[in-house]
Amino acid sequence: MAGGDKLQVLHALDAAKTQWYHFTAIIVAGMGFFTDAYDLFCISLVTKLLGRIYYFDPTSEKPGTLPPNISAAVNGVAFCGTLSGQLFFGWLGDKLGRKKVYGMTLMLMVICSVASGLSFGHTAKGVMATLCFFRFWLGFGIGGDYPLSATIMSEYANKKTRGAFIAAVFAMQGFGILTGGIVALIFSAGFNSRFDAPPYAVDRAGSTVPEADYLWRIILMLGAAPAVLTYYWRMKMPETARYTALVAKNAKQAAADMSRVLQVQIVEEQEKVEQLTSKEANNFGLFSREFARRHGMHLLGTTTTWFLLDIAFYSQNLFQKDIFSAINWIPKAATMNAIEEVYRIARAQTLIALCGTVPGYWFTVAFIDIIGRFTIQVMGFFFMTVFMLSLAVPYHHWTTPGNHIGFVLMYALTFFFANFGPNSTTFIVPAEIFPARLRSTCHGISAAAGKAGAIVGAFGFQYAAQSRDPARRDKGYPAGIGVRNALFVLAACNLLGLLFTFLVPESKGKSLEEMSGENEGEQETEAAAAPSKTMPV
């Protein structure tokens with residue numbers, strides 16, 4: 001592809017040295033992701049508390065728990081909202097522009113975070129129904145953040161360090177999960193020292209103080225804070241030049257915006273924009289034969305790998321409770337009061353985030369532009385398969401007393417390689433390989449496939465992993481295949497993910513237009529489309 005063919009404004013972005021505006025973009029887009037992670041994951045810190053408050057049974061020896069269907073709804077309704085939001089806002093981001101839609105998703109997140117903490121009702125069912133309603137719309141807003149954050153960052157970045165920049169936005173997810181744990185720790189510790197209550201075994205009714213009802217609401221509502229703080233900056237960011245030039249076809253605006261951002265003089269090239277956008281190669285739609293020929297396999301690759309990864313990634317809750325109780329991080333529920341239980345769960349989640357979650361993300365940031373997306377994704381899927389099999393084959397050995405440290409280590413390594421692996425790359429690649437006018441939509445479709453996998457992982461396996469032995473089953477659940485067999489199924493998902501990775505091209509060091517074929521003549525496109533389907537170079 002000749003450099004002369006390329007719009008000056010796009011060339012300037014690709015060749016730009018790393019500078020202040022890159023970091024502003026990472027922080028603005030990253031804070032959206034930070035909020036997403038906080039909002040999605042903080043519910044798992046308070047579900048046990050919700051059970052104690054709203055499903056208290058004075059005749060039971062164990063504290064109240066959410067019934068399986070309510071638990072699945074409270075935890076899963078945000079995922080359903082996210083899936084819908086990814087598809088809807090992904091499409092809207094290509095229709096109206098990234099920046100316009102970005103503000104909408106943020107406002108939705110703020111309003112619904114606060115509203116979910118204000119869930120009201122006279123009965124337990126009423127409170128749960130209201131909570132689920134607002135969690136759905138919170139998820140809807142979060143869903144929009146996925147395609148928009150990735151697309152904005154990829155379109156602002158230079159081609160040399162684009163992978164690291166998009167990975168840094170995604171890595172803020174780790175900090176969001178960590179912050180959720182820390183916030184819950186601080187408030188539960190404060191509440192516990194202020195409202196001292198006996199353990200459940202000593203006083204069933206007295207172990208849950210009335211003030212505990214404020215605790216979960218505060219934790220949920222604080223998710224609005226980081227979103228509010230970045231709203232102003234989000235609105236000040238100019239629309240990306242690639243959208244303005246290649247989709248809105250306004251060369252003057254694109255040149256003016258980027259001259260301001262890059263602080264260099266950029267010539268507007270309206271004629272060249274008209275030429276580029278009027279080419280037949282730049283006018284096919286998502287459901288056209290031309291799209292299927294050029295990018296069909298790519299889209300299949302990005303959707304299947306994200307779907308398979310999220311099945312494994314979100315099933316981690318399966319063994320979390322086994323691990324925590326096995327190594328005594330979380331004692332038996334009846335030996336604690338309600339607020340102490342929140343403290344113990346938050347402490348465990350925070351340690352997991354600190355040791356297993358956060359480091360993997362930053363390894364990706366450091367290495368993605370050196371070894372490439374393809375290598376990281378294949379390596380990640382490979383090690384996830386190996387470690388899941390290492391957990392599954394000698395499963396009985398790991399669960400006998402004295403072997404828990406090895407179990408925890410295997411568990412931590414599985415999720416280290418998910419984050420330094422496909423959990424990061426499946427987010428990055430769809431923002432780089434599709435044409436500008438379909439980029440946000442295709443990222444939204446890929447992300448929605450991932451969320452469908454998350455729903456399978458979090459809820460399908462919640463039922464599947466139940467023991468055949470009624471005594472070892474969670475209350476209210478039917479018999480399943482057991483944790484060991486569930487681990488074998490997850491290992492198979494990871495192996496499939498590894499195979500589907502071969503459909504996705506390598507985008508390291510290439511410009512977005514090179515990857516999508518938007519700058520090429522017809523003959524060059526013919527040549528470029530053929531080999532890229534089979535194997536990354």
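Counting only Cβ charges, +1 for Lys and Arg and -1 for Asp and Glu, the dipole size of region 138-280 around its Cα centre is about 340 debye. Each peptide among 254-260, 430-436 gets the average number of other Cβ atoms lying within 10 Å of its residues, and from highest to lowest they stand as 430-436, 254-260.
Provide the net charge surrounding residue 481, with neighbours chosen by a C-beta distance below 14 Å and charges set as Lys +1, Arg +1, Asp -1, Glu -1.
Values: positive: 468, 472, 473, 484; negative: 469.
Within the 14 Å Cβ shell, the charges total +3.
What shape does region 236-331 take by its C-alpha gyration tensor, where a ≥ b ≥ c are the square roots of the eigenvalues and a/c under 1.5 counts as rounded, a/b above b/c as prolate, and the rest as oblate? Working shown, then result.
On the way: a/c = 6.13, a/b = 1.92, b/c = 3.19.
Since a/c reaches 1.5 but b/c is at least a/b, the shape of region 236-331 is classed as oblate.
Spin-label model, residue 274/residue 471: points 7 Å from Cα along the beta carbon direction are separated by 8.3 nm. When the convex hull of its Cα atoms is viewed from all sides, region 424-499 shows a mean projected area of 6.2 nm². Region 92-126 and region 160-178 have their alpha-carbon centroids 23 Å apart.
For region 197-290, what % of the accessible area comes from carbon and sulfur atoms, probe 1.4 Å? Please report the intermediate quantities before stating the final value.
Working: 2840 of 4970 Å².
In region 197-290, the share of accessible area belonging to carbon and sulfur is 57 percent.
For region 346-449, the relative contact order comes to 35 percent (Cα pairs under 8 Å, sequence separation of at least 6). Using the Kirkwood radius over Cα pairs, work out the Stokes-Einstein diffusion coefficient for region 73-135 at 37 °C and 0.692 mPa s, in µm²/s as a whole number. Diffusion coefficient, whole number: 256 µm²/s.
In the chain, a dipole from Cβ-located charges (positive for Lys and Arg, negative for Asp and Glu) runs towards its positive end, and of 449, 387, 67 it is 67 whose Cα lies farthest in that direction.
For the chain, list the DSSP H helices whose alpha carbon atoms reach 27 Å or more along the long axis and whose average Kyte-Doolittle value is -1.0 or above?
Details: long enough: 20-41 (31 Å, 0.89); 68-96 (40 Å, 0.68); 98-117 (29 Å, 0.90); 124-156 (47 Å, 0.67); 162-194 (49 Å, 1.21); 289-314 (35 Å, 0.03); 373-392 (28 Å, 1.57); 436-455 (29 Å, 0.33); 482-500 (28 Å, 1.71).
Taking the DSSP H segments of the chain (at least 27 Å long, mean hydropathy at least -1.0), we get 20-41, 68-96, 98-117, 124-156, 162-194, 289-314, 373-392, 436-455, 482-500.
About the Cα centre, and with charges only on the beta carbon of Lys, Arg (+1) and Asp, Glu (-1), how big is the dipole of the chain? Nearest 20 debye, please. Mind dumping the intermediate values first?
On the way: 44 positive and 37 negative charges, 140 e Å.
Dipole about the Cα centre, nearest 20: 680 debye.
Extension gain for the segment residue 403 to residue 62, taken as residue separation times 0.36 nm less the Cα-Cα distance, is 120.0 nm to one decimal. If you model region 144-222 as an ellipsoid using its alpha carbon gyration tensor, with each semi-axis the square root of five times an eigenvalue, the axes come out at 43, 11, 9 Å, biggest first.
Between residue 362 and residue 232, what FRET efficiency comes out of the Förster formula 1/(1 + (r/R0)^6) with R0 = 30 Å and r the beta carbon distance, rounded to 0.05? The calculated FRET efficiency here is 0.60.
Using a 1.4 Å probe, what is the accessible area per residue for the chain, in Å²?
Computed with neighbouring chains in place, this is 39 Å² per residue.
Between residue 265 and residue 335, the modelled labels are 7.5 nm apart [label points 7 Å from Cα along Cα→Cβ]. The loop-placed chymotrypsin sites (Phe, Trp or Tyr not before Pro) in region 108-166, going by DSSP, that have at most 13 neighbouring Cβ atoms within 10 Å of their Cβ come out as 120.
Between the residues 195, 427, 492, the greatest Cα displacement towards the positive end of the dipole of the chain, with unit charges on the Cβ of Lys, Arg, Asp and Glu, is found for 195. If the chain linking residue 485 and residue 201 were pulled fully straight, counting 0.36 nm for each residue of separation and taking away their Cα-Cα distance, it would gain 98.8 nm. Here is the tail figure for the chain: Cα pairs spaced more than 34 Å apart come to 39 percent of all pairs. Which of rounded, prolate or oblate describes region 183-283 when judged by the alpha-carbon gyration tensor and an a/c cut-off of 1.5? It comes out prolate by the Cα gyration axes. Sort region 1-67 into rounded, prolate or oblate with this rule: let a ≥ b ≥ c be the square roots of the eigenvalues of the Cα gyration tensor; rounded if a/c is under 1.5, and if a/c is not under 1.5, prolate when a/b is larger than b/c, oblate otherwise. Note, shape of region 1-67 comes out prolate. Projected onto the charge dipole of region 266-385 (+1 at Lys/Arg Cβ, -1 at Asp/Glu Cβ, origin at the Cα centre), which of 358, 316, 378 gives the Cα projection farthest towards the positive end? Farthest towards the positive end: 316. For region 65-220, a simple Cβ point-charge model (Lys and Arg +1, Asp and Glu -1, everything else neutral) yields a dipole of about 620 debye relative to the Cα centre.
The values are calculated or read from the model by the stated rules, or taken from the named source; none is laboratory data. Note that this is a predicted model, so its numbers are computed, not measured. Every residue, glycine among them, receives a Cβ derived from its backbone with ideal geometry; neighbour counts consider all protein chains shown. Note: accessible area is taken over every heavy atom of the protein model, side chains too, but ligands, DNA and RNA are not part of it. Shrake-Rupley method; radii C 1.70, N 1.55, O 1.52, S 1.80 Å.
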